[in-house]
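No value in this document is a laboratory result; all are computed from the given coordinates. The shown structure was predicted, so the numbers you read here are calculated from the model rather than taken from an experiment. Every residue, glycine as well, gets a Cβ built from its backbone with ideal geometry; the counts of neighbours run over all protein chains shown.
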Amino acid sequence: MKSFNSILYQILGAKIKSRREELNMNQNELGQKVDIGRASISNIEKGRQKPPLSVIYKICHQLDVDVHSILPTYIEIENELKNENDSSFKKLFDHYDLDEQTQKEIDDLFKDL
């Protein structure tokens, strides 16, 4: 299961990538403008690299967007986290062929944590 932080950076990266592509800018160009490598831009966009706030501000400046429009809201992260966890549980339930009652009990158990 993914963590809150991993979902945060995954959404952040997707928003950066989307805006970069809207501007018809490639990763190398953005990297040069913010003084980091193309591979770092790629990793940020995939949510693998957690850039410091100063880098996020530089990226936003080069993409001509306010940092608030790039950062996901708490609700966005929580919803995505719930979707990821639901998907993980579904795979687990399907793998072990658990009946609905057992699935509900497990689901309730984790909701209480």
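For segment 4-70, taking Cα atoms only, Rg and Dmax work out to 10.5, 30 Å respectively.
Residues within the reach of a label modelled at Glu78 (point 7 angstrom out along Cα to beta-carbon, backbone nitrogen below 19 Å), restricted to segment 1-23, are 2-12.
What pairs in Lys15/Lys82; Lys2/Lys58; Lys2/Lys46; Lys2/Lys82; Lys50/Lys82 have C-alpha atoms more than 18 Å from each other?
Details: Lys15/Lys82 20 Å; Lys2/Lys58 27 Å; Lys2/Lys46 14 Å; Lys2/Lys82 10 Å; Lys50/Lys82 21 Å.
Violating the 18 Å Cα-Cα cut-off are Lys15/Lys82; Lys2/Lys58; Lys50/Lys82.
Multiply the residue gap between Ser69 and Leu109 by 0.36 nm, knock off their C-alpha separation, and tell me the result in nm, one decimal place.
Residue separation times 0.36 nm, minus the Cα-Cα distance, leaves 10.8 nm.
Here the dipole of segment 4-70 is about 240 debye; that uses its Cα centre as origin and unit charges on the Cβ of Lys and Arg (positive) and Asp and Glu (negative).
With 0.36 nm allotted per residue and the present C-alpha distance subtracted, the Glu21-Ala39 stretch has 4.9 nm of extension available. Since only Ile70, Leu23, Tyr9 are under comparison, the one whose Cα sits farthest along the positive direction of the charge dipole of segment 4-70, derived from C-beta charges on Lys, Arg, Asp and Glu, is Tyr9.
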